[in-house]
Each structure stands twice: as C-alpha cells, then as structure tokens.
Amino acid sequence: MARRFVTVWCPDWPVVAAGLPPDEPAIVIRANRVVARSAVAAAEGVVAGQRRRQAQQCCPDATLVDHDPGRDARAFEPVVQVIGRFTPRVELIEPGWSCLDARGPSRYFGGDEGLAARLVAAIGEVTPAAVGVGVADGRFASAIAARRSGAGLDGCSVVVAPGGSPAFVAPLPVAWLHQLGEIDAELVGLFARLGLARLGVLAALPAADVLARFGPPGSRAHRLAKGTDDRPPAGSEPPQQRAVERVFDDPVTDLGPLVFTGKQLADELVAGLSADGSVCTRLVIVAETEEAERTERVWYRAGGMSAPAMVERLRWQLDGWLGTFANHAGDPDGPVRGEERAGGGGRIRSGVVLLRLTPDEVRRDDGDQLGLWGGRSAADERATRAVTRLAGLVGDEGVLVPAWRGGRLPGERYDWVSATSTDLIDADDTAERLRPRLAGPWPGTLPAPSPAVVPAAVRPAELVDVAGRPVVVGGRGELSAAPVSLTIDGGRAQPVTAWAGPWPLDERWWDPGRRRRLARFQVVTDDGGAHLVLAEHRRWWVAAWYG
C-alpha cells in the first residue's frame, strides 16, 4: 500500500510574511517576476510568474515588495512549530509549504479527516493566512490536494481516499508537474504539444515507451501522473557515515559564521555524494546549543539539492531560530520549555556548539542533458539562481548586471542595475535587452565599432590648434581650426595624427530646462590611442577610448 502524506500549503505566503494587509492589493516581486500576490490583486488579474509591468497594468494601485526568502522562513517558523506538535519530523519544501507522513498522526487523531481539521485549526491560531491541507497517497497528489483546498476550490482540506490518487490526478493538466517543481517546464510543454494535456493521458502510456522517448525525466513524470510517487525507484537510504558535522569550541550566536561553516559542510557533503554519482533529495539539518537546545528540520527537494540549495535552507532554518536568542537571551526570567528545546522553536539561551547535515535520502544523479541545438543550458539556470541568491545575501545594490537603457553617447547606452530589478528568468528577453539597437529609435548614434572603455565620468581635456588656441565648434558644426594636440586631465600634450567629426547633437530641444547641445569627435594621437571627445559649453571632455 502506498505511503500517505499530508501537505500543508499557505497560498501566497510571501505576501503574509511581508506583513501586507490581506484586503489591499499587494505584489511580491523577484527578478522582475511576480512571486506572490494578495487576493485583491489576484482578483484584478495578477498571476504568479507574470512580469512586473504586466502585473502593474492589471493592478496599478498594488503595493510592490521585493521578495525576501529569509523573511518568509522566519515568519513560517511558528507554523512549523505548530505542525511539529503532530509529528516528530516535518518535511519542509519551502517557506509556506511543508509535508509530513500521515500514518502515525492520522491513527492518533482519528483518521485523515480529523488530522486535517486539527491542522487547519491549530495553524489558524498562529497566523491569519489562508491554509490548505491535502491528504493523499504520495507527495505529489497530496500537494495538489493542498493547493486546491488552499485556493478555495475544494474546501479548507482535501482528503483523497486510499488508492484514489491516480483517479484524483488523472483529469488535471500536465502543467501541475512544473507548477509543483517536479518536472522541467520544457518537458511539460512538450507533453502538451504532443497532445498529452492531462495527467491521465500521460499515465495511460506504456512506461517503457515513455522512458525510451523522454528518458529518466519522462519516466519520473509518468510515475507522478500515475499517482505513484512514494519514492523514486532510484531512491535509497544513505549510509550514516555520510553525515557531516562541525563542533565549535566557543558557542556561536551570529548567523554569518554559522552559514559560512554550513557552506563548508554542504560542499563536503555534495562532493562525497557526487563521487558516488548520487544527489541528496531529503536533508536533515540539526543545530544544538551548549544548553542542549536543539533545532531539527527535514528539507525535501525532488530534483535534488546542490550545495547552494543546502546553504539556503540552512540560513532559512537558523535565521528564525537564532532570532529568538537575540530577542530573549537577556531575559533571565523567560522559561525554556522542554518541548521548545526538542522542537527547534521558542527561546534559546546560549550559542550554537554543533551543526550537522545528514542526507536522509539520496538518488542517482542523472546529470544535465544539454539541448542539441543550444538554447538555455542548465549552467545558465544555475547562474541565474546563484545571482538571485547572492542578491538576497548582500542586498539589492550589491549585485549589478548590465541592462540596455538607450542613448546616443556610449555612457548612456547601458547601465548597471540591480539584479533583482531585471528579468533574469527569461533568457531570450535578457539577450534582447542586452543587444545594441543601433538601428532602433536612436538616430544620430555614432556608427560601429563602439568604444572599448567607457569611464564612469567624462574626463576634462584640451584640444588646441597649431597656434595653441582652443579649437571651437561653431553653431553650424564648423571648426575654428584643425586640431593638432590633445591633453587629457592635465597630462602630457599628445600630437593628433588623425581626427574625424564633428557630429553635432541637439537633444531635448523642446525642453529649455533639459536641452543639451554638444559635438562629438574621434581623435587618434601619436601613441596609437583612439579617443572619443566631446565639445560642450566651449569645453572639451574625453568620453571613451577605442583601444
């Protein structure tokens, strides 16, 4: 008989974690995409995955908030503690989404329906957020049930009868495979184009044919579509010696050193598993203090966890737990309850002395299959996730990427913008933004090639004629004399061997307060340097170098 799972899902949890009022339009943005939205914004047509500008068109009055996974994890900690009262081990997928084995708790609390009702009531005591609870055979079916109940489609909880998961998922779209993070969007799109629009249709195909046509990912999608995802056939219990841990001589109370140590442990663990061709799908993270206070969480990811993914979950778990130390370490009268020591929540009185990462389940690492004709690779996706995580660690302005802005001068064409404000998800759109639009809506732009070096600010210069007088550009773009010498920023005068121009530029002529008139020159000096110089307000400036 298939294992039964309970999934708890809080829809649009980032909105709740941000403290936004539920009766006002609000949107949480990551990498210029909608991560979550309030019910009011959803009613206006805002959907997850939508681009920022499209979401603002649907709901112009919505409050925009940047996504903060750490904030989401801290806010979800009380919910995890409540779920922990029903089972000794809670499996976390991400903030707002957790899973637990239904067998023991269901028997203790009077069946699946009784367990679901108690979970909804208990969680409602610690958060005003909507909550969906689903019970079914396998994680995949229970996750769908929880999301349907959380969205208000089938009540506050959905309980699928034992053995009923295949029939429950059969009429649903194959898009659920990607929506729950189980299968890549490209493969799901291929299923739809081939006419396999429903999970039941995909499940009806012979397993051998699906494996031969789509490989291991297709075989996994086939198992999920049949509602038999108790554990992939390649899953196994890892040997206990795979656990990695670090004991601190002095208690550690700061999150930074713990995360740094966690990164070393994660790298060590992943390297050991990779040597055996394995990847961790369930990870147990344990931290203990010198007074035996303890936090233990189980994290699950169907596709396996890389070292950065492990570190990210470590940060989520410790951030909320250590926050209780900062808030209550100075309170000598605050009691420490026994269940808080064991459950990983409540007040802690001392620093961390033990950090342990244990792979609870591993599977074969199938590697990354690159496209025959190129396209976005797995390395691109990993780079995108790494940039996004790094921005979350060091702040929005700490990670910058180039973006096309447009303009007629080299310093205006591109600009460094925050990685979180740029759409890093759509590779085609990113490439289009970074492609120079020389033939686009910028008449008067200098022809190719573009300068090789563009300084952050123009540098003062002097361009003089044979008599040593400054060269002047007239109102009609004519020169007072041919330039013979160029001096940059008070340095040595360099003889001019060749020059071209001027190319006058008159921008915003309709706005007297912002009008800009200048002329551009290309100048080659005797040292072989090629410079782009500007004449503005009877002064000369070097704007860029060609080599």
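Miscellaneous remarks
- Residues of the stretch 51-75 that turn out to be in contact with a strand residue (DSSP E or B) (Cβ under 8 Å, 6 or more places away or on another chain) and either in a loop (DSSP other than H, G, I, E, B) or closer than 30 Å to residue 107 by Cβ (or both), as a count: 3
- Residues located in the stretch 110-125, provided they are free of Cβ contacts under 8 Å to residues at least 24 places away in the same chain and either surrounded by 18 or more Cβ atoms within 10 Å (Cβ to Cβ) or within 18 Å of residue 162 (Cβ to Cβ) (or both): 110, 111, 114
- Looking only at residues of the stretch 530-547 that are exposed (fewer than 15 other Cβ atoms within 10 Å of the Cβ) and in a loop (DSSP other than H, G, I, E, B), we find that the one that is farthest from the chain's Cα centre (by Cα) is 538.
- A single entry from 205, 255, 265 fulfils the requirement of being modelled with pLDDT of 90 or more and either in contact with a Leu (Cβ under 6 Å, 6 or more places away or on another chain) or of a type in the set (D, E, K, R) (or both): 265.
- Set side by side, the residues 277, 272 differ, and just one is assigned by TED's automatic domain parsing to the domain that holds residue 359, more than 26 Å from the chain's Cα centre (by Cα), surrounded by 14 or more Cβ atoms within 10 Å (Cβ to Cβ) and within 30 Å of residue 224 (Cβ to Cβ), which is 272.
- Of the strands (runs of 3 or more DSSP E) entirely within the stretch 1-50, those holding at least 1 residues that are more than 30 Å from residue 106 (Cα to Cα) and in the same structural domain as residue 122 (by TED's automatic domain parsing) occupy 26-30, 33-37.
The values are calculated or read from the model by the stated rules, or taken from the named source; none is laboratory data. Worth saying up front: this structure is predicted, and the values here are computed from it rather than measured. A quick note on method: Cβ atoms are made from the backbone with ideal geometry, for glycine too, and the neighbour counts reach across all protein chains shown.
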